[in-house]
Structure formats: structure tokens, C-alpha cells
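The values are calculated or read from the model by the stated rules, or taken from the named source; none is laboratory data. Because the structure is a prediction, the values reported are computed rather than measured. Cβ coordinates were reconstructed from backbone atoms using ideal geometry, including for glycine residues, and neighbour counts include every protein chain displayed. We work out accessible area using only protein heavy atoms, side chains counted, and drop any ligands, DNA or RNA first. Shrake-Rupley method; radii C 1.70, N 1.55, O 1.52, S 1.80 Å.
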Amino acid sequence: DIAVILSTTGSTGNPKSIPLTHWQVIRSGKLITETYQWKKTDRYFGLGGLETMSGLRHATVAVAEVGAACVPCEQGKAIHQYLLDIKNEGVTILTANPLFYKQLLFAAKSAADHSLPPVRLALCTGNVLPAALRKEWKERIGTTLYNYYGLTETSGICIAEVPGEEVFDEKSIGRPIGCLIK
């Protein structure tokens, strides 16, 4: 049965509605938690709203799948406030686009203590992930910034950079994850 209908403009820019079944949404949640080893002790914070595949999957199915917590994200805050929220809430998993990560690093530089939160897993989606941003994240946080991609039509994650396979190519966003690539 249909669980949700998400709207997307996808790669064409033409709006369309995508019906997803319960099985597709649950399978997608399992793919993200298994690919990135989410844990019961994790605290997830993401900017994607529930109207997006990543936002819906991560904040609901993925956290429920492993028994983790979801830290609600209020839209429209200043980057410095997001930095404080991430620190104060003990966020361990962060999902955002490259611009947010760049702004977060900048906000930390200008913060009184210059520190960043101890995020153990940083996932990037939605745009090209520059090598310089990935490098700065690794140097400042000590963890890898992983890129992944998925189409709403395929119920989300379908290509990803995987932990343990840290051979990054700026022209690639990873390898197939639980999908068929033609």
C-alpha cells in the first residue's frame, strides 16, 4: 500500500508526485542505517523536511529502525544557532548539503570556543561536495564527510560513499547501494 506521496522536481526540474509504498520507505531506512552503521545511542539532526525523501526517511524510519533519537530541527535559524543546537543536543549524525557544512565550519571559527560538535557521522547530499570542504571537515572534526545520492523514485539512497572505502573521486558520489544502475 502507498505510505506517502512525495513531490520532487528531480533532475528534470519538472514537478512530479512520487507514490512510495510502506515497503519502499522501510527498505530505504534500513539501507541508510546499515550502510552507515547507525546505532541506538545516535542522535540524528538533519535539515531536510519531512516532504523530502532524506528528511522523511532519516527522521522517522531510520531512527526507529535502530532505536536512535531524532533532534527536531527548526527551519530558518541563523547558522550560529544551528551550531549551538548541534552542540547542546549532543548530535552524532548530521545530514545536510555542502553549503550548510561550509557555513557550519565558518560559524565554528567565529564562535568563542572555536569548537565543532563531536559528530561521528556526517552525510552530504543535494549538490557537489568539494574536495576542499571534505578536507577541512576531516581536519577540524576528525571524521569523514560522506556523500550519497538517491532519487525519490528509487525510494532514496541508491549511490553512496561507504565507510571503510575512503577512496574519494570528485567526479563520483560513490557506488551502487541496494539498487540497479543501468
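Here S155 fulfils each of the conditions (1) over 18 Å from G46 (Cβ atoms); (2) of a type outside the set (K, R); (3) in contact with a strand residue (DSSP E or B) (Cβ under 9 Å, 6 or more places away or on another chain) apart from (1). The set of residues in the range 40-68 that are of a type outside the set (V, I, T), surrounded by fewer than 15 Cβ atoms within 10 Å (Cβ to Cβ) and in contact (Cβ under 8 Å) with a residue 12 or more places away in the chain comprises K40, G49, E51, A64, G67.
V4 fulfils the conditions (1) without any contact (Cβ under 8 Å) to a residue 40 or more places away in the chain; (2) more than 21 Å from T144 (Cβ to Cβ); (3) in contact with a strand residue (DSSP E or B) (Cβ under 6 Å, 6 or more places away or on another chain); (4) not small (G, A, S) except for a single criterion, (1). Taken over the range 9-39, the criterion of being open to solvent by less than 30 Å² (accessible area, probe 1.4 Å) and either among the polar types (S, T, N, Q) or without any contact (Cβ under 8 Å) to a residue 60 or more places away in the chain (or both) is satisfied by S28, G29, T33, T35. Remark: pairs (first residue in the range 132-156, free of Cβ contacts under 8 Å to residues at least 40 places away in the same chain; second residue part of a strand (DSSP E or B) and open to solvent by 20 Å² or more (accessible area, probe 1.4 Å); Cβ separation under 6 Å; 6+ apart in sequence or on different chains) = Y149/I159. Among the residues of the range 126-164, the ones that are closer than 17 Å to A108 by Cα and outside any helix (DSSP H, G or I) come to 3 in all. Scanning the range 121-148 for residues that are surrounded by fewer than 19 Cβ atoms within 10 Å (Cβ to Cβ) and either within 20 Å of S28 (Cβ to Cβ) or of a type in the set (K, R) (or both) gives G126, K135, K138, R140.
Applying the selection to the range 69-85, what residues are assigned to a helix (DSSP H, G or I) and either surrounded by fewer than 17 Cβ atoms within 10 Å (Cβ to Cβ) or aliphatic (A, V, I, L, M) (or both)?
I79, H80, Q81, L83, L84
I want to confirm something. Restricting to the range 104-119 and keeping residues that are open to solvent by 80 Å² or more (accessible area, probe 1.4 Å) and touching a residue at least 24 places away in the same chain (Cβ under 8 Å), which single residue is farthest from T35 (Cα to Cα)? Selected residue: F106. Being over 15 Å from E34 (Cβ atoms), hydrophobic (A, V, I, L, M, F, W, C) and touching a Leu at 6+ places or on another chain (Cβ under 9 Å) is a property that L151 lacks.
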